[in-house]
Amino acid sequence: MLKKLNTALLAITLLVTANIGSSFAAPIVVKFSHVVAENTPKGAAALKFKEIAEQKLKGKVEVQVFANSQLFGDAKEMEALLLNDVQFIAPSLSKFDRYTPKIQVFDLPFIFNDMKAVENFTSSKAGKGLLTSMEDKNLLGLGYWFNGMRQISANKDITLPKDVKGLKFRIQPSDVYNSFMKALGASAQKMAFAEVYQALQTGVVDAQENSWSNIYSKKFHEVQNTIIESNHGVLSYMVVTNKKWWNGLPKDIQKGLAEAMDEATAYGNGISNQKNEEAKKAVIADGKAKVKTLTPAQATEWKKALTPVYKEFEGAIGKDLIAAAQASNK
Ligand code: LMR
């Protein structure tokens with residue numbers, strides 16, 4: 001009898017131990033939330049991060065990627081990250097100005113001539129410094145992800161700054177873009193990305209500005225009259241994580257995730273130009289909106305109209321940082 005009892009006790013102990021063991025072995029689930037389509041530079045980079053991280057940390061980590069504002073939209077994602085409800089997000093640099101005014105340098109009109117200049121700046125000491133500039137707010141930047149240059153679209157025929165006077169623009173939550181529209185005599189409405197298509201379609205706003213890949217993947221060109229290839233700004237992202245969560249990770253997991261992030265960054269930034277080129281071609285082929293390229297003289301008119309914006313933000317951003325960004329055009 002006693003022998004039977006002992007055997008039963010041993011079996012129970014083994015079962016309990018096995019269960020504890022398996023719960024320790026369960027993978028850490030990390031969530032990556034973003035607002036764009038999967039077939040965009042950011043969408044593709046997030047999926048690449050999942051693939052590499054799960055391969056490097058087999059059985060230890062599961063990465064769940066939520067695209068198209070499925071889990072959190074613009075208004076909630078930063079808050080959700082700080083509450084650790086999601087572990088990675090990659091908002092547009094225009095969405096960080098509440099956390100560090102210096103980051104507004106990226107939104108200054110025509111500050112970068114092209115994506116090469118953006119790459120030069122983000123890999124410079126000044127650019128890299130911004131990744132850790134929000135640590136006191138518990139936000140740690142792990143890298144810059146590129147989308148592309150921004151273009152302007154409207155529900156009427158436009159070419160010059162005077163043509164957008166009086167139009168209502170959807171803008172990202174950026175004070176620089178608010179002043180940008182003011183300088184043009186247009187009005188600005190800050191709005192989450194997920195609401196833009198409907199707002200354009202129903203006439204809540206007349207115009208918007210974004211990269212080709214966002215315009216195409218969200219079908220903005222189907223509800224706009226004209227798109228001008230203005231290249232007036234850059235759409236780039238910072239991948240951020242919750243610093244406390246990140247620092248509390250087991251060292252091997254943190255190392256694997258950091259490596260996966262670096263590889264996904266190189267992959268996404270490597271395909272970003274091509275993805276935007278393809279999107280531009282698809283918009284033109286679709287023929288719903290007229291696509292215009294500006295002559296150098298027309299581009300100069302846009303630049304002139306927008307110079308007052310620099311004066312307004314010079315103090316908050318710092319003249320040195322503006323100069324460093326401008327120097328990256330060489
Ligand atoms: C927008 O709000 O227009 C963009 O920031 C969306 C994105 O993440 O590219």
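Any read-out appearing in this document is the output of simple, stated calculations on the displayed coordinates, not a laboratory observation. This structure is a prediction, so every number in the text was calculated from the model and none was measured. Cβ: placed from backbone, ideal geometry, glycine included. Neighbour counts: every protein chain shown.
Per-structure values
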{"item": "Test: residue in region 106-120 that is small (Gly, Ala, Ser) and more than 30 Å from Ala199 (Cα to Cα)", "result": "yes"}
{"item": "Pairs with Cβ under 7 Å, 6+ apart, first in region 201-215 and over 19 Å from Gly148 (Cα atoms), second within 16 Å of the ligand (Cβ to nearest atom) and part of a helix (DSSP H, G or I)", "result": "Gln201/Val223; Val205/Ala199"}
{"item": "So Ser33, is it within 16 Å of the ligand (Cβ to nearest atom), polar (S, T, N, Q) and surrounded by 20 or more Cβ atoms within 10 Å (Cβ to Cβ)", "result": "yes"}
{"item": "Per-region count, region 37-63, residues free of Cβ contacts under 8 Å to residues at least 60 places away in the same chain, outside any loop (DSSP other than H, G, I, E, B) and either touching a helix residue (DSSP H, G or I) at 6+ places or on another chain (Cβ under 6 Å) or farther than 22 Å from Ile271 by Cα (or both)", "result": "2"}
{"item": "Some residue of region 304-325 being farther than 22 Å from Asn147 by Cα, touching a Pro at 6+ places or on another chain (Cβ under 9 Å) and of a type in the set (Lys, Arg)", "result": "yes"}
{"item": "Index of the failed condition, Val118 passing every other in (1) within 16 Å of the ligand (Cβ to nearest atom); (2) of a type in the set (A, V, I, L, M, F, W, C); (3) within 13 Å of the chain's Cα centre (by Cα)", "result": "(3)"}
{"item": "Number of positions in region 128-171 that are touching a residue at least 24 places away in the same chain (Cβ under 8 Å), of a type outside the set (A, V, I, L, M) and under 19 Å from Lys243 (Cα atoms)", "result": "8"}
{"item": "From the options Ala45, Ala75, residue that is within 13 Å of the ligand (Cβ to nearest atom), in contact with a Phe, Trp or Tyr (Cβ under 6 Å, 6 or more places away or on another chain) and of a type outside the set (D, E, K, R)", "result": "Ala45"}
{"item": "Residue, surrounded by the most Cβ atoms within 10 Å (Cβ to Cβ), within region 239-290, restricted to residues that are basic (Lys, Arg) and in contact (Cβ under 8 Å) with a residue 12 or more places away in the chain", "result": "Lys275"}
{"item": "Yes/no for Lys58 being within 21 Å of Asn214 (Cα to Cα) and surrounded by fewer than 23 Cβ atoms within 10 Å (Cβ to Cβ)", "result": "no"}
{"item": "Entirely in region 243-329, the helices (runs of 4 or more DSSP H) that have 3 or more residues that are under 30 Å from Lys31 (Cα atoms)", "result": "243-247, 251-286"}
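Each row is one residue, and each column tells you yes or no for (1) under 20 Å from Ala45 (Cα atoms); (2) surrounded by 16 or more Cβ atoms within 10 Å (Cβ to Cβ).
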{"residue": "Gln104", "(1), (2)": "no, yes"}
{"residue": "Met115", "(1), (2)": "yes, yes"}
{"residue": "Ser123", "(1), (2)": "yes, no"}
{"residue": "Met134", "(1), (2)": "no, yes"}
{"residue": "Leu142", "(1), (2)": "yes, yes"}
{"residue": "Leu160", "(1), (2)": "no, no"}
{"residue": "Val164", "(1), (2)": "no, yes"}
